[in-house]
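Trainee: Pasting a structure here, questions to come.
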Amino acid sequence: MRHNKKINHLSRTHSHRLAMLSNMAASLIMHKRIFTTTAKAKALRKYVEPLITKSKASSKSPEEVMHQRRIVFASLQNKYAVKELFQTVSEKVGDRPGGYTRIIKTGNRLGDNAAMCFIELVDFNENMLKETRKATKTRRSRRGSKKTAETAATTTSTATATPVAKKTKNKPAAVPEPIDEAVTVETVEADTEEETSVAEIAVVEPVAEEDAQIETAEADTEEETPVAEAEVAETVAKEGDAQVETPATEEEKKDAE
């Protein structure tokens, strides 16, 4: 019976499992990100994170650093991975108190439908670091702005509420003055009279203009009529003279003889 045995054997023997995790850890340190199954990634995280903690020995003596390098080399069996871990990764991960790896699930694999994922070193993914930094800054600013806004609102409300209460206590309530109906009627009548006078003035002005135009037209016609009469009299006189001057007919001549 396997009671309380939580280790995942990954369908391998003990030696095969250790060799596989050693190779995967060396690949993760060298490439900073690898693609594998979720079960192997979870087993690798428990294997590689203690090795990264051993590499953070900057404050220790050279003898202790050498001792840690030998322990890590016994697990990795790769001198290039050990050099990369103690020179590059340890400097980048120096301020982080654990949690050096991140698992990103990518779905299931075609064929056997196994769950697949990426496992990577947290401090070497620049895109994720930028997003987390931006998010933390905005959250802090929002919380601070809300608190400051609430405090400012409370102070202004208290400052404005207290003097108003004092004024209402000291001063009595204002009583509306009675309205005189006669005065209101007179004002309304005066307004209506002014409006009617303005309307009458507006109507009289165009009537006066029309009268003046008619008078000018009549004067022009009166001036033209005597001239026309004189011309007619002249034409009539000329016609009379012409009739007088006409020669006598033959009968008239005979009568005269």
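Trainee: Select, from GLY98, GLY94, the only residue that is in contact (Cβ under 8 Å) with a residue 40 or more places away in the chain and outside any helix (DSSP H, G or I). Talk me through it step by step, then tell me what you get.
Mentor: Details: GLY94 fails: in contact (Cβ under 8 Å) with a residue 40 or more places away in the chain.
After applying the criteria, what remains is GLY98.
Trainee: Another question, then. Could you look through the range 18-49, keep only residues that are in contact (Cβ under 8 Å) with a residue 12 or more places away in the chain, assigned to a helix (DSSP H, G or I) and of a type in the set (Lys, Arg), and pick out the one that is surrounded by the fewest Cβ atoms within 10 Å (Cβ to Cβ)?
Mentor: My answer is LYS42.
Trainee: Kindly provide the set of residues from the range 101-121 that are open to solvent by 90 Å² or more (accessible area, probe 1.4 Å) and touching a residue at least 12 places away in the same chain (Cβ under 8 Å), ordered by number.
Mentor: At the first step, the residues of the range 101-121 found to be open to solvent by 90 Å² or more (accessible area, probe 1.4 Å) are 105, 108-110, 112-113.
LYS105, ARG109, listed by residue number.
The values are calculated or read from the model by the stated rules, or taken from the named source; none is laboratory data. What you are looking at is a predicted structure, and each value in this text was computed from that prediction instead of being measured. Neighbour counts are summed over all protein chains in view; Cβ atoms, including those assigned to glycine, are modelled from backbone coordinates with ideal geometry. The protein model used for the area step is the full one, side chains on, heavy atoms only, and it has no ligands, DNA or RNA in it. Shrake-Rupley method; radii C 1.70, N 1.55, O 1.52, S 1.80 Å.
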